[in-house]
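Chemist: Before I ask anything, here is the structure I am working with.
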Amino acid sequence: MHIIFQTPRLLLRRFTLDDAPLILQLNSDPEVLKYLHEPLLETEAQATKVLSDIILPQYEHNLGRWAIHTKHNNEFIGWCGLKYRPELEEIDLGYRLKKTAWGHGYALEAAQHTIDYGLNELNIKTITGRAHVDNTASLQILQKTGMQFLKDETIDNCPVKTFSISNPK
């Protein structure tokens, strides 16, 4: 298991192809994907493709979406991480949690530590975060991490609010 870092309550690690059932579980819930323009996954083969085509290639650059597990029982609750988006020339903060993990502060904890890791360990200059304009919970997380609101825009045909944080170094 390739652990990226730990927080007081969470462990973040790299995904492997063996994690297709976890991705399927997460991305087959319509409420989890409500504000995203992604299709619901229906098969492990689709989840494997997400891993092999989207998630795992980011690890070559020490970036990526990392599996989140709770320390107290090792339960998989979602992912958080940094992704290079070449079409936007930016490093994007993202997070996605199972409904059972909502409302416990896990997303904020993971996001704050991911930003810290990106700025201080990876020496990233600027990290960008976006959320759908109607996703109030996610917008609050971006604000609480210390990210600053930049603008409203449309990305991937989705109306979003864009935030960023810069490395003070």
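Chemist: Pairs, please: C-beta under 7 Å, at least 6 apart or cross-chain, first residue more than 13 Å from Lys83 (Cβ to Cβ) and in the range 47-63, second loosely packed, with under 13 Cβ neighbours inside 10 Å?
Modeler: Thr48/Leu17; Leu51/Leu17; Ser52/Leu17
Chemist: Any idea how many residues of the range 122-145 are hydroxyl-bearing (Ser, Thr, Tyr), outside any strand (DSSP E or B) and either surrounded by 14 or more Cβ atoms within 10 Å (Cβ to Cβ) or touching a residue at least 40 places away in the same chain (Cβ under 8 Å) (or both)?
Modeler: Qualifying residue count, the range 122-145: 2.
Chemist: Just wondering, is there one or more residues in the range 12-24 that are in contact with a helix residue (DSSP H, G or I) (Cβ under 7 Å, 6 or more places away or on another chain), touching a residue at least 12 places away in the same chain (Cβ under 8 Å) and loosely packed, with under 15 Cβ neighbours inside 10 Å?
Modeler: Yes, because at least one residue in the range 12-24 is in contact with a helix residue (DSSP H, G or I) (Cβ under 7 Å, 6 or more places away or on another chain), touching a residue at least 12 places away in the same chain (Cβ under 8 Å) and loosely packed, with under 15 Cβ neighbours inside 10 Å.
Chemist: Please identify the pairs in which a residue from the range 33-46 that is farther than 22 Å from Thr16 by Cα and in contact (Cβ under 8 Å) with a residue 40 or more places away in the chain has its Cβ atom under 8 Å from the Cβ atom of a residue that is charged (D, E, K, R) and in a loop (DSSP other than H, G, I, E, B), counting only partners at least 6 apart or on another chain.
Modeler: That search, which allows pairs on different chains as well, returns Tyr35/Asp134; His37/Asp156.
Chemist: Another question, if that's okay. Can you give me the number of residues within the range 31-84 that are surrounded by 13 or more Cβ atoms within 10 Å (Cβ to Cβ), touching a strand residue (DSSP E or B) at 6+ places or on another chain (Cβ under 7 Å) and of a type outside the set (Ser, Thr, Tyr)?
Modeler: So the answer is 18.
Chemist: Here's another thing I want to ask about it. Does Ile115 qualify as being out of contact with any His (no Cβ under 8 Å at 6 or more places or on another chain), assigned to a strand (DSSP E or B), aliphatic (A, V, I, L, M) and crowded, with 17+ Cβ neighbours inside 10 Å?
Modeler: No; evaluated as a whole, the condition is false for this residue.
Chemist: Filter the range 84-112 down to the residues that are in contact with a helix residue (DSSP H, G or I) (Cβ under 9 Å, 6 or more places away or on another chain) and of a type in the set (Phe, Trp, Tyr) and list them by number.
Modeler: Tyr84, Tyr95, Trp102
Chemist: Right, here's the next one. Which members of the range 60-83 meet the condition of being over 23 Å from Pro8 (Cβ atoms) and either in contact with a helix residue (DSSP H, G or I) (Cβ under 6 Å, 6 or more places away or on another chain) or modelled with pLDDT of 95 or more (or both)?
Modeler: Passing the criteria: Leu63, Lys83.
The values are calculated or read from the model by the stated rules, or taken from the named source; none is laboratory data. Everything quoted here is computed from the prediction, not taken from an experiment. Heads up, the Cβs are rebuilt from the backbone with ideal geometry, glycines too, and the neighbour counts pull from every protein chain shown.
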